[in-house]
1. Residue under question is residue 142, and the condition is that it be modelled with pLDDT of 85 or more and crowded, with 18+ Cβ neighbours inside 10 Å; does it hold?
2. Those residues that are touching a Gly at 6+ places or on another chain (Cβ under 8 Å), under 23 Å from residue 57 (Cβ atoms) and open to solvent by 30 Å² or more (accessible area, probe 1.4 Å), I need them from region 97-139; list them, please.
3. Under 7 Å between Cβ atoms, which residue pairs at least 6 apart in sequence (or on different chains) link something in region 94-105 that is under 14 Å from residue 77 (Cβ atoms) with a partner that is part of a loop (DSSP other than H, G, I, E, B) and open to solvent by less than 10 Å² (accessible area, probe 1.4 Å)?
4. Within region 33-46, does at least one residue satisfy the condition of being closer than 30 Å to residue 116 by Cα, surrounded by 10 or more Cβ atoms within 10 Å (Cβ to Cβ), at pLDDT 70 or above and in contact with an Asp or Glu (Cβ under 9 Å, 6 or more places away or on another chain)?
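The values are calculated or read from the model by the stated rules, or taken from the named source; none is laboratory data. Quick caveat: nothing in here was measured; it's all calculated off a predicted structure. Here Cβ is always computed from backbone atoms with ideal geometry, including for glycine, and neighbour counts include all displayed protein chains. Ligands, DNA and RNA are stripped out before the accessible areas are found, and what is left, the full protein with its side chains, is counted by its heavy atoms. Shrake-Rupley method; radii C 1.70, N 1.55, O 1.52, S 1.80 Å.
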Amino acid sequence: MNKREKGKDVAETSDAKKPRPTPFRIPGPAGELEEVLARRAAGEGYLQHPGYTELANVHKVKETQRFQLVIGLIKSCKHGEYGEDYAAELKDPTGVCWASIHFKACNEEMFPGILQVGSCLVLKDIVAFRLSKSSIFLNVTIRNVERVIEKSMLD
């Protein structure tokens, strides 16, 4: 082995032993956004919570399925076609899904802001129904509403 090859081996060995620098974390909301984007790039969900299901995964339902936890912002809300119930379009960073909200769950005294566009619904033990090949609904009852975060609190 000549001197050039020996030097190369020494350089490679010394580089391998150097500790890798820890990644710099940006403080505040920008750092949180950076972490979310990194998790998304790694194939993880944007929200790390046991039992949480993204709306994109709700669309994979074949017929009827129950989910432990679903969270979405109300993108639009209208009076339902059949009686007193409401239809709301829920959105999260992964997708959009329609929800049928039972009239008893629309109680503004119990859940302020539940029908307000921009409010966030935290739904537990929720059932998703596939009505057709392209149509899936979440069936929201008073029992399913864990929490409503009003739009004013999110701004």
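1. In short, no.
2. Answer for region 97-139, where residues must be touching a Gly at 6+ places or on another chain (Cβ under 8 Å), under 23 Å from residue 57 (Cβ atoms) and open to solvent by 30 Å² or more (accessible area, probe 1.4 Å): just 100.
3. 105/114
4. For region 33-46, residues closer than 30 Å to residue 116 by Cα, surrounded by 10 or more Cβ atoms within 10 Å (Cβ to Cβ), at pLDDT 70 or above and in contact with an Asp or Glu (Cβ under 9 Å, 6 or more places away or on another chain): absent.
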